[in-house]
Every structure is written in structure tokens, then in C-alpha cells.
1. Checking Asp488 against (1) in a helix (DSSP H, G or I); (2) more than 23 Å from the chain's Cα centre (by Cα); (3) free of Cβ contacts under 8 Å to residues at least 40 places away in the same chain: exactly one of these is not met. Which one?
2. Can you go through Ala418, Ala429 and tell me which one is surrounded by fewer than 24 Cβ atoms within 10 Å (Cβ to Cβ), under 23 Å from Glu232 (Cβ atoms) and either among the small types (Gly, Ala, Ser) or in contact (Cβ under 8 Å) with a residue 24 or more places away in the chain (or both)?
3. Before we move on, is Gly343 surrounded by fewer than 15 Cβ atoms within 10 Å (Cβ to Cβ), more than 16 Å from ligand 1 (Cβ to nearest atom) and either touching a residue at least 24 places away in the same chain (Cβ under 8 Å) or more than 28 Å from the chain's Cα centre (by Cα) (or both)?
4. Out of region 467-482, which residues are among the small types (Gly, Ala, Ser) and more than 12 Å from Ser446 (Cα to Cα)?
5. Restricting attention to region 516-544, which residues are outside any helix (DSSP H, G or I) and more than 26 Å from the chain's Cα centre (by Cα)?
6. Mind listing just one residue for me: the one in region 492-515 that is in a loop (DSSP other than H, G, I, E, B) and more than 24 Å from Ala372 (Cα to Cα) and, of those, farthest from ligand 2 (Cβ to nearest atom)?
7. Within region 437-466, can you find the residues that are under 16 Å from Gly420 (Cβ atoms), touching a residue at least 60 places away in the same chain (Cβ under 8 Å) and outside any loop (DSSP other than H, G, I, E, B)?
8. Mind listing whichever residues of region 455-485 are within 16 Å of ligand 1 (Cβ to nearest atom) and hydrophobic (A, V, I, L, M, F, W, C)?
Amino acid sequence: MTGSDALLDAMSEQGVQVIFGNPGTTELPIVESLAAPGRPRFVLGLTEPVVMGMADGYSQASGRMSAVLVHVQPGLANALSGVLNAARARVPMLVIVGQQMQELLPGAPFLGGDVVGMARPIARFAEEVSHIQDLGDVLARAVMAAYGPPAGPAVVSIPLDIQSAVCGPLPSLPRGPVDLGPGGHAELNAAFGLLARAARPVIIAGDSVADGGAGQSLSALAARLGAPIWGEPFGARLPVDTGDPAWRGTLPRFGSAIHDALAGHDVVLALGMPVFRVFGWSPGPTMPEGAALIHVDLDPAEIGRMVQPVVGITANPGAAIDGLLARLGLPEPAATQRAQAVGHDIARMRSAVVEGIHAAACADSGGGITGAALSVAIAEAIGPGDLIIDEGLTATRHMRPMLGPRAPGSCLWHRGSALGWGLPAAVGARIADPTRRVVVVQGDGSLMFGIQAIWSAAREGAPVALVVADNGGYEVLEDGMRALTGTDRRDWPGLHLANPRMDIAGICRGFGATAECVRMPADLVGAMDDLLVRAQTGVAVLVAEVAPGA
Ligand SMILES: Cc1ncc(C[n+]2csc(CCOP(=O)(O)OP(=O)(O)O)c2C)c(N)n1
Ligand SMILES: [Mg+2]
């Protein structure tokens, strides 16, 4: 067998069933091996951000490591936005990159160069195989790094001479993350001491709580402490069932707003997340004065990065939650009373928010569809078993509170910052579970970074329902310009997608979808129903003309 055969066999044996990719000349021996029976299915993406987004959605929806094949420096250059997204969202991913014959590399050939140097600042792991006898070792370390903890993308560069070298089968690859356990006794005892004495504790839960399936333990901990649960800013996954009376929603994205949201709490328990990844600068501290931080995360590099904790614990957050529950023991009357008050306050705030959004949805915006109206229509159309993926930016600002109770695993939000993730992720999620309905929302701007995924979805028989919030431009950047300049001017260079206005429905049809448009608020409900019917048999798109700024 060749290095390529051995690579693919080891990946199959590890559980890899699908490889997302876009090949070039430096990957052709691997393509040849892919054609042999029993090898993973190859899903072609027409451009690398689509390849990466599909792999990302596949992983996030299934909890399995995804696998990618891209083309030497040009392919990896295009894929790096997806490497960034996967690193931020802690998505386990093995990225195989072809490389030129090693003997040609010193001469800087047309196809070949420093793949590892390109990947290293962003990926969790990047190495090139330089001897065929190292292939198994490098792969094993890459898979281990991909699973983490914390999980992330691992890049392996394989030169053509290694792909074609004769070799035997490779040793088995790791099949999952190392379990860090609950953390040290001393640290857990210290955390317990702080929490047991807290008068107003608060929990912030991140993606790594969701990954461990620790939602129910988290609910039990919140009830036991009488603490509200916030989701981390920019969380990709739901850590807990949002029907939990303690679920307060997602924290805001600026330090000063986080400070205000946490004000009055004396102990902050942050689980499975960075503290805090903020969007940009804001005045003042992020943590409320005098509050003690307990920070539990899989990644020791995150602990103390921005805020020094009183107690820092490198642990599996789910196991740490169980360790704390065991120490806290039976409910205490003061905490139970607090839990009731927290639940009552949250229910009151939630209904005020929902009422406000309903009012905004019904408000007159000169006849056009508002983001609020679109969010309400989407929330009402989808079912509890659907997977909803959101890269709708300004138009879906109001969607989360309208979704009602959702279970962990039923929503994915864009975390990585590189646009063009949503639709490809939806396609990957549908490939991971062909029985699950997937509804994805995109802005008109963000859609254009990954629209070719429609073709992959159509070709793979992986229908998804796509709602496009078409407001004719980059509305979120208009918001930014208003904040920056204090003016309401709307003709900034580079923020509009008019002249010519894109025929988004036409482009989607060109890639193999059915597509309809909706312009009037009164037609939204019918249009959503029609979208979901069309999505039963093929990729279906609804382009909603959303009034800019509404
Ligand atoms: C790959 C990439 N390029 C550029 C950006 C910068 N960017 C952030 S938001 C945005 C516009 C998004 O527009 P749209 O999806 O239409 O949403 P809207 O702001 O209109 O709600 C852009 C270009 C980015 N985040 N990622
Ligand atoms: Mg837009």
C-alpha cells in the first residue's frame, strides 16, 4: 500500500466517514486512493471556506472529528478563515494539506511552500511529514491535538513523495479527547467554599459545557446555588436547555455591558470558556468590583488570560460541576429561595423582551419587513427537533429570545468571526444527520462568502432551508459607522450591495436550489411554510427583503 492508502485506512478505522475537500495536483495520489472501495466519502466544496464550513457544521452537529483535504498553500490560504472559525469554536478537525515533492521544495516550486508556517498561528497543531515512517506518529499527534482538550483544527502537510511511498498499515489513531477529570481537590474545595458562602452567585457557561453534555448537571447546580445562568458572549452552542428558569440568555459582547449584566453578584463561576472574549474596547473593568471569579476551563492558557481568578481550575467542566454538586450536598433554604426569586425575575424580564420584540415586529416600517418580524416568523415556523443555524447578523438580533425553550444541540451560532460559515455549516450538519431538518439564516452580505455550498448540498442530497435577510448591504457596519462618527449618513464607501442589486434568488437557483422572495410582512408566515415544504425535497431558499436599519 502507499502512504495515501495507509492515511485513508487509518482515518476510516478512526471513524472518519466523510472527507470534505477541494483537491489540486499536490493531492492527486490521495484522490486516487479515495476512489478505492471502502474509503471515506469525498464531499467536494467549490471553494475552501465552504469546505471548512461544511466540516465545521458536521463536527458541531455530530460531536465527531471532521476531516478535510485542501490544496497546498493556495488551498490552505483560502481555508484559513475556516481554521480560525474552528479554532475559536473548539471544533475537532483534521486538515490534510498536500505538499510538493520534498526534493523540489528548496527551489520554491510553483506548487509548494511553507504550509506549516501559514497554519501555525491559528491552528492548534501544524506539522509536515518528512519521512514515511513518521506518518503514523504525526497523524496520531494531530488527531490528539484536534480532540484536545481543548478541541480545534490540526493541520498535517503531506508531501507527494510521502503520499506515494510504499508502506504498511498505520497504528490506530486516538478516538476522542483526554478526560481531564474534575480538577484538583484543593481547587474544588476552594471553589466550593466561595460558592457556599456566596450571597448572590452567578454562573456563566460556555461551549465546553455543551460539549460535555453537562446541561442537566448545570441546571442542578444553578438550582442548588440559586444562581442565574448566562451563556458566554459569542458562544456557538447552547450549554443548557433554555427552558431552564435560571437561563438568563447570552452575555453581551462588550466589557462594560458584561460588567453591568454581572453587577451585584459576589461570586462569578465561569465554566468552559475564555473570560471574556469581547467584541471591542469599552471603558472600565469587565468584572464587577469585589466579585470573586472561579474559572474552570479545559484550556490552562485561558485561565488568568484577561481576568485573574480567585480559583482557577483546569478541568472537564462537566466533571467539575459534578464535583461541586457533590460538595454542596442537599439544598439549603436560602439558596432555594434565591433560585425562586431568580426564576421569577428572569421570567418577568423574558416576557418584557418578548413583548418588545412582538411590538417591534408589528411596528410600521413603511411597509417593509423588519428584522424583528423576520425573527418572529422564523421562530414560529421551526420545530423543537430542527437544528437552527444563525449567521443573520442584524436581522436576527431579536431571534434568540423568540425561539422559546431549546435543548442543547438544537442551535448553532457563528462564533469564529470569519463570515461564510452558516450555510456551509448547515450543509455539513445535514450530511452528519440526514434525518434532521436544518434551517439556516444568513445576511445578504455573509451569504456571499459561502453561497457555493448550495451546490454541494444539492449534489450530496443534503437539503437545507435557507432564509436570507436581504437588507441590501452590511447593516452591522452601518451601525458601527453611526457609533464611530455619531452621524446618520448612509452613503459610506464599501457598505452597500446595490448597483447592481444582486439577484440572490437567481444565484441560488443557479447552484441547484429552489428560491422565492418575500417583500410584505403579511406574506412572511406563508412564505416560511412554503420554504419548509420545499426543503423536504431539495435545497430551498427564501429571500426576505428586510428594510435597512429596521
Ligand atoms: C471573511 C470576513 N470578511 C469580512 C468580514 C467583515 N464583516 C463583518 S460583518 C460584515 C457584513 C455582514 O453583512 P450581512 O451578512 O448582510 O449582515 P447585516 O450586517 O446586513 O445584518 C462584514 C463584511 C468578516 N467578518 N469576515
Ligand atoms: Mg445585509
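1. (1)
2. Values: Ala429 fails: surrounded by fewer than 24 Cβ atoms within 10 Å (Cβ to Cβ).
After ruling out the rest, the residue left standing is Ala418.
3. On the way: surrounded by fewer than 15 Cβ atoms within 10 Å (Cβ to Cβ): no; more than 16 Å from ligand 1 (Cβ to nearest atom): yes; either touching a residue at least 24 places away in the same chain (Cβ under 8 Å) or more than 28 Å from the chain's Cα centre (by Cα) (or both): yes.
The answer is no for Gly343.
4. We begin by selecting, within region 467-482, every residue among the small types (Gly, Ala, Ser); these are 469, 472-473, 480.
Selection gives Gly480 alone.
5. Taking region 516-544 first, the residues outside any helix (DSSP H, G or I) are 516-520, 535-544.
Answer for region 516-544, where residues must be outside any helix (DSSP H, G or I) and more than 26 Å from the chain's Cα centre (by Cα): Glu516, Cys517, Val518, Arg519, Met520, Thr537.
6. As a first pass, look at region 492-515 and keep what is in a loop (DSSP other than H, G, I, E, B): 492-495, 497-503, 511-513.
Subsequent filtering for residues that are more than 24 Å from Ala372 (Cα to Cα) retains 492-494, 499-500, 511-513.
Working: Trp492: 14, Pro493: 16, Gly494: 13, Asn499: 15, Pro500: 16, Phe511: 20, Gly512: 23, Ala513: 19 Å.
Going through the qualifying residues, I end up with Gly512.
7. Within region 437-466, Val441, Asp444, Ala453, Ile454, Trp455, Ser456, Ala457, Leu466 qualify.
8. Of the residues in region 455-485, the ones within 16 Å of ligand 1 (Cβ to nearest atom) are 466-484.
Within region 455-485, Leu466, Val467, Val468, Ala469, Val476, Leu477, Met481, Ala483, Leu484 qualify.
The values are calculated or read from the model by the stated rules, or taken from the named source; none is laboratory data. Just so you know, these numbers come straight off a predicted model, no measurement behind them. With ideal geometry, Cβ positions are generated from the backbone for all residues, glycine too; neighbour counts draw on all protein chains shown.
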